[in-house]
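As structure tokens, the structure follows; a few thoughts come after it.
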Amino acid sequence: MTKARTASVERNTRETQISMILSLDGSGAYKGSVGLGFMDHMLELLARHGRFDLEVKATGDLHVDAHHLVEDLGIVLGQALKDAAGDKAGMARFGRSSVPMEETLAECVLDFCGRPYLAWKAKMPKGKVGEFDIELAEDFFRAVAMNAGLTLHMILHDGRNAHHIIEAMFKALARALAESVRRDPSIAGVLSTKGKL
């Protein structure tokens, strides 16, 4: 019997209240709301394209701005990914995906290795998508990488429309994560000469 790769994480601060349930071996279902339409859209497509089941309930001080909520969602998602992956035995470890969206081409390359790092190679336009400040995308990806223990490279090759750019990045992350957490029966233990990730 293969152990279920699921995690349940809560984070409660004076700024945000977040609960999340994640299953790495899901069907791509998303349930819940974070009170920020564009972020709900991004989390839903992250679940769908990563083939994760993701349930999120979140509130935050959106009367200030969306920064605390978006960054804390990244923290909680990173923690959930780390917890669900467990000891990473039999896991492919590396993932890579390039996603086009009309004029946009975004790429994600990652190593689920326990060494957190974000390389952000994306010149973003200024402004907002709905109520989402565009610069929050980098903050979200950094929080995920730092808390999951990912070496994460996010690369924007082309793009003009901010919605397309951020959506392509989330889809690229989702697909790269799905590849990295895929179980490979040919891998005994963890895919490292150290014997531990």
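The values are calculated or read from the model by the stated rules, or taken from the named source; none is laboratory data. Please read these numbers as outputs of a predicted model, since none were measured by experiment. Here Cβ is always computed from backbone atoms with ideal geometry, including for glycine, and neighbour counts include all displayed protein chains. Surface areas here come from the heavy atoms of the whole protein model, side chains and all, with no ligands, DNA or RNA. Shrake-Rupley method; radii C 1.70, N 1.55, O 1.52, S 1.80 Å.
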Given Cα pairs under 8 Å that are at least 6 residues apart, what percent is the relative contact order of the range 119-197? 27
Using only alpha carbon pairs under 8 Å that are at least six residues apart, calculate the relative contact order of the chain and give it in whole percent. 26
Given +1 on the Cβ of Lys and Arg, -1 on the Cβ of Asp and Glu, and no further charges, what dipole in debye does the range 1-148 carry about its Cα centre, rounded to the nearest 20? 600
Output for the chain (equivalent-ellipsoid semi-axes, sqrt of 5λ from the C-alpha gyration tensor, Å, descending) is 26, 20, 14
Could you work out the helix-only [θ] at 222 nm for the chain, with each DSSP H run of four or more residues adding -39,500 (n - 2.57) and the total divided by the number of residues, to the nearest 500 deg cm²/dmol? -11000 deg cm²/dmol
Given pairs Lys126/Lys171; Lys57/Lys82; Lys88/Lys126; Lys123/Lys196; Lys3/Lys123; Lys57/Lys194 and cut-off 30 Å on Cα-Cα distance, the over-length ones are Lys88/Lys126; Lys123/Lys196; Lys3/Lys123; Lys57/Lys194
Take the range 94-197, drop everything but the C-alpha atoms, weight them equally and run the Debye formula without solvent; then report log10 I(q)/I(0) at 0.12, 0.18, 0.19, 0.21 Å⁻¹ to two decimals. -0.42, -0.82, -0.90, -1.04
Heavy-atom accessible area of Ser186 with all protein chains present, probe 1.4 Å, nearest 10 Å²? 100
Centroid-to-centroid separation of the range 120-194 and the range 97-115 [C-alpha atoms, Å]: 6
Looking at the P(r) of the range 75-130, how many percent of alpha-carbon pairs lie beyond 15 Å? 66
Provide the per residue accessible area, probe 1.4 Å, for the range 1-146, rounded to a whole number of square angstrom. 49
